[in-house]
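Heads up, the thing below is written out as C-alpha cells.
Throughout, read-outs are computed from the coordinates displayed, never taken from laboratory work. All of these numbers come straight from a predicted model, not from anything done at the bench. Note that we place each Cβ from the backbone using ideal geometry, even for glycine, and neighbour counts take in every protein chain shown.
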Number of protein chains: 2
Amino acid sequence: MNVTIPTTAPLDCSQVSEVLGRVGEKWTMQVVIALRDQPYRFNEIKRHVRGISQQMLARTLKTLERDGMVKRTVGPTAPPQVEYELTALGRSLSAPVRQLAQWARAHLAAIHDNQLSYDATH
Amino acid sequence: MNVTIPTTAPLDCSQVSEVLGRVGEKWTMQVVIALRDQPYRFNEIKRHVRGISQQMLARTLKTLERDGMVKRTVGPTAPPQVEYELTALGRSLSAPVRQLAQWARAHLAAIHDNQLSYDATH
DNA sequence: CGGGATCCAGTAGGATACTG
DNA sequence: CAGTATCCTACTGGATCCCG
C-alpha cells in the first residue's frame with residue numbers, strides 16, 4: 001500500500017487553523033498543562049496558573065469542556081466540590097503541543113534577536 | 001547520559017505562549033506553509049493562501065520577517081520584484097506545527113461532536 | 001467554593017482606496 | 001507589482017460585583 005503523503009500533505013484548510021487558534025488562546029494550554037498529571041478543583045487550578053482571573057479560568061474551562069478536552073465533575077456536597085480533569089482527547093493534545101513548546105524554548109532567543117535587529121533598521 | 005525530563009518539564013512560562021500566540025494567528029502558519037517548498041512573490045503567495053487580503057498578507061509577512069522566519073529579497077527591477085522565502089528558523093517551525101496539524105485533522109471531528117452534544121445539553 | 005453578569009479597553013482581523 | 005493609509009467591526013482579555 002504505502003500511500004505516502006509526505007510533507008506535501010494538506011496542512012492548510014481552515015479546519016486546522018481552528019485548532020491552532022484554540023491553542024494560541026492565552027490561557028488554554030496553561031490550563032491543560034496544569035491538569036496534566038491529576039484532577040484539580042477550580043481554585044486549585046487558579047493557584048497553579050499564575051495571573052489568571054476567575055473570569056478567564058471559568059471561560060477557558062467551559063470552552064475546554066465543550067471541546068471535550070476536560071471533564072467536569074460536580075460532587076453532591078455543599079459548598080459545591082467541582083473537579084476538572086483532562087479527557088483522553090485533552091491528554092493527547094498535550095503531546096504535539098509539547099513539541100511546539102520545546103521548539104519555542106529552543107528558538108525564542110533567536111526570534112528576539114531578530115526582532116531587535118529588525119527594529120533597529122526599520 | 002539520558003537526562004530524562006519527562007512530562008514534568010516546564011512547558012509553562014509566558015515565553016512559550018508568545019510563540020503559541022503567533023502560531024495561533026489566523027494567517028501566519030498558512031503563509032509559512034505556502035512558502036514551505038520554494039520562494040514566492042507577494043501575489044503568488046496571495047493566490048496560494050485563499051481568502052487573505054493584501055493588507056493581512058503584508059502584515060503577516062512583515063511580522064514573519066521581523067521574527068526572522070521569512071527572508072525578503074527585492075530585485076533591482078521596475079516594477080519591483082520581491083521574493084519571500086523561509087529561513088532555516090521558519091522551516092524548523094513547520095515541523096512541530098505539522099505535528100499539531102496532524103493532531104487537528106485526526107481529532108477535529110471528535111471535537112465537533114463534543115461541541116454539538118455540549119450545546120444540546122447546556 | 002465556584003462560578004455568572006456586566007462593563008470596558010485593546011487588539012486582531014477585514015474592506016476599501018490610494019501610491020511608488 | 002507590492003505594498004501603505006484609513007476606517008471599521010468583532011472578539012479576546014480583564015476588572016468588578018453579585019449569587020447559590
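Summary table
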| read-out | value |
| --- | --- |
| Per-copy distances of the residue B:81 label point, shortest first, in nm (7 angstrom along Cα→Cβ) | 7.2 |
| Helix-only CD estimate at 222 nm, as mean residue ellipticity for the protein assembly as shown, using -39500 (n - 2.57) per DSSP H run (n ≥ 4) | -19500 deg cm²/dmol |
| Charge dipole (debye, nearest 20) of chain B; +1 at Cβ of Lys and Arg, -1 at Cβ of Asp and Glu | 460 debye |
| Degrees between helix B:54-67 axis and first principal axis of chain B (Cα, 0 to 90, nearest 10) | 80 degrees |
| Mean projection area, nm², convex hull over Cα of region A:14-121 | 8.9 nm² |
| Nearest residue to the symmetry axis between A and B, taken on chain A by its Cβ, in whole Å | A:24, 1 |
| Surrounding net charge for residue B:60, when Lys and Arg each add one and Asp and Glu each subtract one, Cβ distance under 12 Å | +3 |
| HN-Hα J in Hz across region A:90-99 - Karplus 6.51, -1.76, 1.60, θ = phi - 60°, x for Gly and Pro | x, 5, 5, 5, 5, 5, x, 5, 5, 4 |
| Residue B:56/residue B:78 FRET efficiency (R0 35 Å; Cβ-Cβ; nearest 0.05) | 0.85 |
| Inter-copy spacing of residue B:38 label points, which lie 7 Å from Cα along Cα→Cβ, given in nm from shortest upward | 5.6 |
| Other-chain or far-sequence residues with amide H under 5 Å of residue A:87's (modelled H) | A:70, A:71 |
